[in-house]
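Input: a single structure, listed below in structure tokens.
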Amino acid sequence: KAQRVVLAGDHCQLPPTIKSTQAAKDGLSNTLMEKCTVMHPQAVVLLEEQYRMNTQIMGYPSSVFYNNKLTAHPNVADRLLFAEEPPLEFIDTAGCGFDEKLEGTSTTNPEEAVFLLKHLTQLVAKLNDHYTVANFPTIAIISPYKQQIAILNDLITGSEELMVYKSKISINTIDSFQGQERDIIYIGLTRSNTDGAIGFLADTRRMNVAMTRARKKLVVIGDSATLSRSVFYSDFISYAEQCNA
């Protein structure tokens, strides 16, 4: 009954968590904010300038979710870890034999996890030449699947090189990182199968959250043969190619 109502948020990020399929079918998967943006588009105001990401990291989410309206503040637009380190990398594991496995109800990909940690270890070795332990960049490793997170945690614990920086490294699911940011983000997409099944990776709003956590470097690791059945991931791979990433 108010004279004026202001809703602040981002309906292009995490969707509501609904455990009842029937409730979702009956409409509860569509939030009040989503309904309002459709019913009253003239009332929607986008905060267009962001203060977190390098422009290249920002580019794909901006094009898909925000009609290319996002701009990067000059303080963050071109910032890098160091001069020769690109802000975006897509690492294609197609044909590597990194096949997904089902553990209980969660998907895992142990070989992808081992590869991710190897890549991170090499990056940390490079960073050692530019940073001290005190000002070392913050790092997050994100996977959509809880059991994959458990594997990554075990691998980190067993790595002498990475345990030195354990306080700088966070590992968790996408949902846990909404609202947070790190200098470096690794996303292990986990899914790799001959059917092109990507499960809840198909909820692209989750990937919007994951990709937009990074300040200076975003590394996405996945199997293009599986992912490219989805227009969202196929277009992301094309974007990475355009960026020589």
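The values are calculated or read from the model by the stated rules, or taken from the named source; none is laboratory data. Everything quoted here is computed from the prediction, not taken from an experiment. FYI the Cβ positions are ideal-geometry reconstructions off the backbone, even for glycines, and counts take in every protein chain you see. Please note that ligands, DNA and RNA were not included when accessible areas were found on the heavy atoms of the full protein model with its side chains. Shrake-Rupley method; radii C 1.70, N 1.55, O 1.52, S 1.80 Å.
Below, the figures for the structure above:
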read-out: Helices (runs of 4 or more DSSP H) completely within the range 1-120 that count 3 or more residues being open to solvent by less than 60 Å² (accessible area, probe 1.4 Å) and at pLDDT 95 or above; value: 55-65
read-out: Matching residues, the range 162-186, being surrounded by 14 or more Cβ atoms within 10 Å (Cβ to Cβ), among the charged types (D, E, K, R) and within 21 Å of ALA134 (Cβ to Cβ); value: LYS168, GLU181, ARG182, ASP183
read-out: Wholly within the range 134-234, helices (runs of 4 or more DSSP H) carrying at least 1 residues that are among the polar types (S, T, N, Q); value: 146-157, 204-211, 224-227
